[in-house]
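As structure tokens, the structure follows; a few thoughts come after it.
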Amino acid sequence: MKFLTQEEVTKLYSLIQLEPLKENQCKLQFLQTAIAKYQEHIPFQNIFLLSTPVDQRRPLTFDEIKNLVLSGQGGFCQVMNVFFNSFLQTLGYESYILNSSYAKIPDNHVVILVKNVLNQGDSYLVDVGSGYFQYAIDLNFEDKSPVYNFLYTKCFLQWDQNKKDIILYHINRNDESNHIYSFNLTPIKEFHNLSFQNHIYTNPNVTPFHNILRILRFPQSGAICIVDKALLKENDQHRLKPEISQFIDDEEYLNTVKQHFKNLDLNQCQIAYNSLFKNI
């Protein structure tokens with residue numbers, strides 16, 4: 001296990017504006033609040049990867065993961081979920097990192113399993129690093145979970161035919177179900193050392209994050225997303241709509257980052273933008 005120090009826990013509480021867990025507080029209620037605050041204040045992003053020269057990209061150490069989160073910069077799943085799992089374990093939750101396959105590509109995503117939250121034997125899926133908002137989802141279902149509406153995301157879980165893996169499906173506007181990722185319930189023992197997923201940082205064939213730019217966070221008012229050269233916001237109908245269809249120049253891009261993602265390093269953001277769109 002890799003616990004956080006009390007200083008690190010206190011820093012996270014302050015950063016995401018979360019009241020500390022109190023004795024006898026409902027652990028599920030606190031978990032759901034922590035999930036929402038974390039995704040509101042810590043962005044999902046791949047700037048840290050794109051701003052690193054291709055030949056220097058490598059897996060992050062646990063200290064580097066902590067620094068990204070506790071500076072408010074965030075990252076993708078191997079950053080966001082690994083840190084949040086440590087946070088939960090430090091608070092006394094029984095939580096584990098699970099291997100996951102996003103878009104049917106093996107070993108390119110991780111999620112969190114939290115057990116014995118309200119009652120002995122219960123279990124919940126937590127994923128604060130998918131690029132979509134979702135609360136903890138109860139895994140105590142026979143075949144298929146209820147349908148959940150989380151901001152602009154409509155989703156459900158279902159066991160595969162062999163009852164080996166659970167699949168997360170998103171439902172689109174045409175009520176079509178799309179396979180997003182699958183995971184099994186076998187915990188990864190050394191969750192801070194995901195060496196079997198090192199290819200995430202070096203192989204563009206197993207993740208799109210070498211070739212696209214994403215910065216997202218999820219305030220209560222709705223999602224705010226930079227998607228390549230556009231700024232999208234969630235409207236009252238819970239749909240993502242372009243507020244800026246295409247940045248007119250670097251200044252507009254950087255001003256947008258500064259306005260909505262204040263803790264990101266603007267120099268890194270510029271380098272990441274250049275690496276994709278200016279061939280620099």
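The values are calculated or read from the model by the stated rules, or taken from the named source; none is laboratory data. These figures come from a predicted structure and were not determined experimentally. FYI the Cβ positions are ideal-geometry reconstructions off the backbone, even for glycines, and counts take in every protein chain you see. Surface areas here come from the heavy atoms of the whole protein model, side chains and all, with no ligands, DNA or RNA. Shrake-Rupley method; radii C 1.70, N 1.55, O 1.52, S 1.80 Å.
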Helix 266-277 sits off the longest principal axis of the Cα atoms of the chain, rounded to the nearest 10 on a 0 to 90 degree scale, by 80 degrees
Sorting 216, 199, 184 by the position of each Cα along the dipole of region 96-252 (Lys, Arg +1; Asp, Glu -1; all at Cβ), the one nearest the positive end of that ordering is 184
Length gained if residue 160 through residue 143 is fully extended, taking 0.36 nm per residue and subtracting the Cα-Cα distance, is 5.3 nm
Whole-number value, in Å³ per residue, for the convex hull of the alpha carbons of region 154-249 is 176 Å³
In debye to the nearest 20, the charge dipole size for region 4-275, taken about the Cα centre with +1 at each Lys and Arg Cβ and -1 at each Asp and Glu Cβ, equals 140 debye
Heavy-atom accessible area of region 24-152 with neighbours in place, 1.4 angstrom probe: carbon+sulfur share in percent works out to 47 percent
With Cα coordinates, the longest principal axis of the chain makes an angle with the long axis of helix 27-41, in degrees rounded to 10, of 0 degrees
Place a point 7 Å from the Cα of residue 52 in the direction of its beta carbon; the residues of region 197-241 whose amide N falls under 19 Å from it are 197-216
Per the 1/(1 + (r/R0)^6) rule, R0 = 41 Å and r from the Cβ atoms of residue 244 and residue 105, FRET efficiency to 0.05 is 0.85
So, for the Cα atoms of region 64-223, Rg and Dmax in Å stand at 15.4, 44
Once residue 179 and residue 19 are pulled to full extension, the length gained, defined as 0.36 nm per residue separation minus their Cα-Cα distance, is 54.0 nm
Filtering trypsin sites (Lys or Arg not before Pro) in region 140-213 by DSSP loop and by at most 11 other Cβ atoms within 10 Å leaves 163, 164, 173, 189
So for R0 = 22 Å, FRET eff. of residue 212-residue 267 from the Cβ-Cβ r, to 0.05, ends up at 0.60
Rounded to two decimals, the Debye log10 I(q)/I(0) of the chain (Cα scatterers, no solvent) at q = 0.07, 0.16 Å⁻¹ is -0.24, -1.40
With a 18 Å threshold on alpha-carbon distance, the violating pairs from 37/115; 66/233; 27/189; 37/262; 2/37; 104/164 are 37/115; 66/233; 27/189; 2/37
Short to long, in 5 Å steps from zero, the percent of alpha-carbon pairs of region 1-71 per bin is 3, 13, 20, 21, 18, 12, 7, 4, 2, 1, 0
Relative to the compact-globule estimate 2.2 N^0.38 Å (N residues), the Cα gyration radius of region 62-124 stands at a ratio of 1.22
Heavy-atom accessible area per residue of the chain, all protein chains kept, 1.4 Å probe, expressed in Å², is 48 Å²
